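The values are calculated or read from the model by the stated rules, or taken from the named source; none is laboratory data. Predicted model, so just to flag it, every value in this text is computed and none were measured. Neighbour counts run over all protein chains shown; Cβ positions are idealised from the backbone, glycine included.
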Amino acid sequence: MNSPDNYAVMGYPIHHSKSPRIHALFAEETEQNMSYLAQEVRPENFTSAVNTFFEKGGKGLNCTLPLKELAWEFATHKTPRAQAAKAVNTLILQTNGQVLGDNTDGIGLVADLKNNHGVNLENKRLLILGAGGATRGILLPLLDEKPKSITIANRTVEKALQLAKEFQQHIHACGFDALENHQFDVILNATSASLSDDLPPLPENILAENGICYDLAYSNQPTAFVRWGIEQNAHKSIDGLGMLVEQAAEAFFLWRGVRPSTQDVIDLLNAHR
Ligand code: NAP
């Protein structure tokens, strides 16, 4: 057999990453001859690490925290969704030697909501909590689903206002206190509060009947936001493990031209929580 094509995920820290396992499962299922490793890279070493990786014949990279903005700067050209996100999580070496940057986070989120959970976003009132890199990455794919409205609420209101201004298209921006007396069909938690089992300060009754709560973060235990959604009688209160697998599937497709099926991988990761 020929030597495998090499891929990797770079981040700092990276030891917790589930990506090598996910891509190994995809490769097995689709019979792709490839390897995928995790590589710990500090931001100050990013450019040299990526150059070395591609010089040694690497075909593609995933970049995770805190390297997504650096990957955006590194990419010689970018897809429209990566351009809008100002962050890149997937680098693809092209036949002409150029490196294309994409951001598959938003498309992964939408795929998880629609395909795995049957949640249609068209004409829905969406609330996004947080205005950091993840929110920036998901906005364009969410707008493509034609929701009725998108509201971004953030602790630092200026960051939400800035994002809304950049993306224009009917996005509202506010602080958490301004959510009082409003209702939303889908609430997406894109803050990093869950990482410390914390919750943004949310007023009661903002989730519409049969509403959906989705935490982009994931954990072996239900996150604080997933628990909040259950308390609010959400129709579904879900964490971001499915998004992780779906964004990986999109990257795999960009590299290999083959779309892996994701449900078995999600089931396997869920079984090992
Ligand atoms: P980031 O750029 O650091 O932004 C963090 C955001 O969270 C900011 O808006 C910050 O508000 C807010 N925040 C932090 N702690 C808070 C608290 N205690 N209460 C209220 N707001 C708080 O991080 P990011 O890259 O956007 O990531 C956000 C989350 O998305 C993380 O949990 C990450 O794991 C998750 N994510 C998941 C996937 C997936 O595949 N499932 C992909 C990407 C990201 P301020 O602006 O006021 O500081």
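If you check Pro203, Pro222, which single one turns out to be closer than 17 Å to Arg155 by Cα, more than 8 Å from the ligand (Cβ to nearest atom) and not hydrophobic (A, V, I, L, M, F, W, C)?
Pro203
Looking at Arg81, Arg21, which one is surrounded by 14 or more Cβ atoms within 10 Å (Cβ to Cβ), assigned to a helix (DSSP H, G or I), of a type in the set (Lys, Arg) and touching a helix residue (DSSP H, G or I) at 6+ places or on another chain (Cβ under 7 Å)?
Arg81
Only residues that are of a type in the set (Val, Ile, Thr) and near the ligand (Cβ under 7 Å from one of its atoms): list them for the stretch 129-154, please.
Thr135
Output the residues belonging to the stretch 140-162 that are in contact with a Leu (Cβ under 7 Å, 6 or more places away or on another chain) and hydrophobic (A, V, I, L, M, F, W, C).
If the condition is that a residue be in contact with a Leu (Cβ under 7 Å, 6 or more places away or on another chain) and hydrophobic (A, V, I, L, M, F, W, C), then Leu142, Ile150, Ile152, Ala153 are the ones that fit.
Would you mind finding the one in Gln83, Gln94 that is away from the ligand (no atom under 12 Å from the Cβ) and within 20 Å of Ala8 (Cβ to Cβ)?
Just one listed residue meets the conditions, Gln94.
So which of Ala208, Ala217 ends up being modelled with pLDDT of 95 or more and closer than 16 Å to Leu121 by Cα?
One residue alone meets the criteria, Ala208.
Determine if the stretch 103-124 includes at least one residue that is assigned to a strand (DSSP E or B) and either within 16 Å of the ligand (Cβ to nearest atom) or surrounded by 19 or more Cβ atoms within 10 Å (Cβ to Cβ) (or both).
No, that holds for no residue.
Could you tell me how many of the residues in the stretch 152-166 are buried (at least 17 other Cβ atoms within 10 Å of the Cβ) and either closer than 16 Å to Ile138 by Cβ or charged (D, E, K, R) (or both)?
Total satisfying the criteria: 7.
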